[in-house]
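Read through the structure below, which is laid out as structure tokens, and then see the notes.
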């Protein structure tokens, strides 16, 4: 028996590599989009043979910079998905974007081809900080794209980075005020993480301390006028990213394209999967339950308590630490505000595995 699967399509190409980026992507002035598209289509056909004409609740184009893609390529991929599978009538189709890659005409064409949710990588509302991050756009570029998206009346999200060298809580409060002024229904606030093998990883940066980062995190929750629904994500009611919510709750999803990760469910057997045929390994229910606890506890609503998660959750810890975790009225276990601040430790203590 097969069940609905969400689809993640990875687009690995970028205008340039940002100084902090450790994702699978590469700067490429002239990608072979025909070759890329043919590979994505071939993968989709493979999964139709494996899973049949399953339902698709959400499709997410991530990267890289998916908005670099020619609309013709996007249209062909979407047409393939809708032909091979049963895309649900309200299927959420998200496109990640860089402000310098979309003008009014191209955005119109993407929307006509199916995009109904746009995620903009703004990262900062300071040109100086954008240059520090290695971003290839200005604040004015970002605000222009926000305005264009508003006119299209599609769902809109924006990504921001905080905790840069020499950042203070006051800086984060100002950033939140500026975001509030934009009137966004969804935004993601990511702590700057220094990864090895990135330009930042090779620099001796004066990063905020863990305590300072915690104070910034608290300030974001207090100052933003849209509520947190996941550790790094904030949304007004109904504007949550359905794709991510499904994944965090443990729903199956297929990773398409090199760098795309998935968790596929066939006949009650989970598989750890990577796009481009790079990985397809059985995953036992215990390991999958641990993954579900890790992602589910990141959400304010918590992780679903079912037969699989019950086996690996230490209920003695849950019952003894109401300051960190609690049972919700709808059968979940969630972290308190204090628990969210030390979530890694909470998850380590509440899981057996």
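Readers should treat all values here as calculations from the given coordinates under stated rules, not as data from a laboratory. These numbers were taken from a predicted model, which means no experiment stands behind them. Cβ coordinates were reconstructed from backbone atoms using ideal geometry, including for glycine residues, and neighbour counts include every protein chain displayed.
Given the DSSP H assignment, sum -39500 (n - 2.57) over each helix run of at least 4 residues in the chain and divide by its residue total; what's the result at 222 nm in deg cm²/dmol, nearest 500? Spell out each step's value before the answer.
On the way: 13 runs with 137 residues, N = 353.
Using -39500 (n - 2.57) per qualifying helix, the result is -11500 deg cm²/dmol.
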Worksheet entry | Sequence ranges 37-49, 72-84, ranked by mean other-Cβ count within 10 angstrom, highest first | 72-84, 37-49
Practice prompt. Provide the percentage of antiparallel DSSP beta bridges, counting only those with both residues in the chain; round to the nearest 5.
Written response: 45
Worksheet, complete the sentence: Per segment 26-109, sqrt(5λ) over the Cα gyration tensor eigenvalues, sorted largest first, in Å, gives 24, 16, 10
Worksheet item: Tell me, what is the percent relative contact order of the chain, built from C-alpha pairs under 8 Å that lie six or more residues apart?
Response: 16
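Take each of the peptides 285-297, 318-330, 159-171, average the number of other beta-carbon atoms within 10 Å over its residues, and list them starting from the highest.
On the way: 285-297: 19.0, 318-330: 14.2, 159-171: 17.2.
Highest mean packing first, the order is 285-297, 159-171, 318-330.
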Worksheet entry | Euclidean distance of C-alpha centroids, segment 258-292 and segment 325-352, integer Å | 25
Worksheet item: How big is segment 285-353 by the Kirkwood estimate over distinct Cα pairs, in Å?
Response: 11.5
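Given 4 °C and 1.567 mPa s, compute D for segment 36-168 with the Stokes-Einstein relation, Rh being the Kirkwood radius over Cα pairs; round to the nearest whole µm²/s. Let's see the in-between values first.
On the way: Rh = 16.1 Å.
For the chosen part, D equals 81 µm²/s.
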Worksheet, complete the sentence: Expressed in Å to one decimal, the Kirkwood Rh of segment 81-130 from all distinct alpha-carbon pairs is 12.9
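Explain nothing, just the number: relative contact order of segment 257-353, from Cα pairs under 8 Å at least 6 residues apart, as a whole percent.
Numbers: 144 pairs, mean separation 20.9, N = 97.
22 percent.
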